[in-house]
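Please treat every number below as a calculation from the coordinates, not as lab data. Only a predicted model underlies this, so the values are computations on that prediction, with no experimental measurement involved. Using ideal geometry, Cβ is built from the backbone for each residue, glycine included, and neighbour counts are taken over all protein chains shown.
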Amino acid sequence: MRVGVQFTGTLPAGATRRWFTSKWPQAWHVVWHVAPTSPQAGEAQVEWSVAVERASATHITYWITIKNLTENSVNFEARYAVLN
């Protein structure tokens with residue numbers, strides 16, 4: 001398994017944004033996870049969803065939507081794991 005951080009970012013309080021990451025080989029099984037990097041104990045800080053686009057016969061584009069659930073800015077990492 002390979003893991004890494006694809007990108008980092010900051011979301012303002014209550015904001016939702018969408019990012020994309022492209023040219024992933026279609027044969028790879030990729031799992032996405034978003035982790036806050038600005039500590040704030042006691043409550044969930046972000047939620048995310050992933051949509052998939054078959055960009056070509058050989059490549060996938062992932063669309064990652066991240067929502068800040070707090071009343072403060074949140075820094076985050078968009079992490080991936082390639083399972084095969």
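List, in order, the whole-Hz ³J(HN,Hα) value for each residue of region 19-28 obtained from phi through the Karplus relation with A = 6.51, B = -1.76, C = 1.60 and θ = phi - 60°; use x for Gly and Pro.
10, 10, 9, 10, 6, 7, x, 5, 7, 7
Are there GluC sites (Glu not before Pro) in the chain that DSSP puts in a loop and that have at most 16 other Cβ atoms within 10 Å, and which ones?
Answer in residue order: Glu43, Glu71.
Give the long-range amide H neighbours of Leu69: residues separated by 5 or more places, or on another chain, with amide H under 5 Å away, using H modelled in the peptide plane at 1.01 Å from N.
Amide H to amide H, under 5 Å and 5 or more residues apart or across chains, Leu69 pairs with Val46, Glu47.
For the chain, which chymotrypsin sites (Phe, Trp or Tyr not before Pro) pass both filters: DSSP loop (anything but H, G, I, E, B) and at most 16 other C-beta atoms within 10 Å?
Those that pass, being in a loop and sparsely packed, are Trp28.
When the dipole is taken about the Cα centre of the chain, and only Lys, Arg (+1) and Asp, Glu (-1) are charged at their Cβ, what size is it in debye, to the nearest 20?
340 debye
How high is the relative contact order of region 2-82, in percent, counting Cα pairs under 8 Å that sit 6 or more residues apart? Before the final figure, lay out each step's value.
Numbers: 182 pairs, mean separation 41.9, N = 81.
So the answer I get is 52 percent.
Quick query: amide H of Ala55 versus all other amide H atoms, modeled in the peptide plane; which residues come in under 5 Å with a sequence gap of 5 or more or a different chain?
So Ala55 has HN proximity to Ile60, Thr61.
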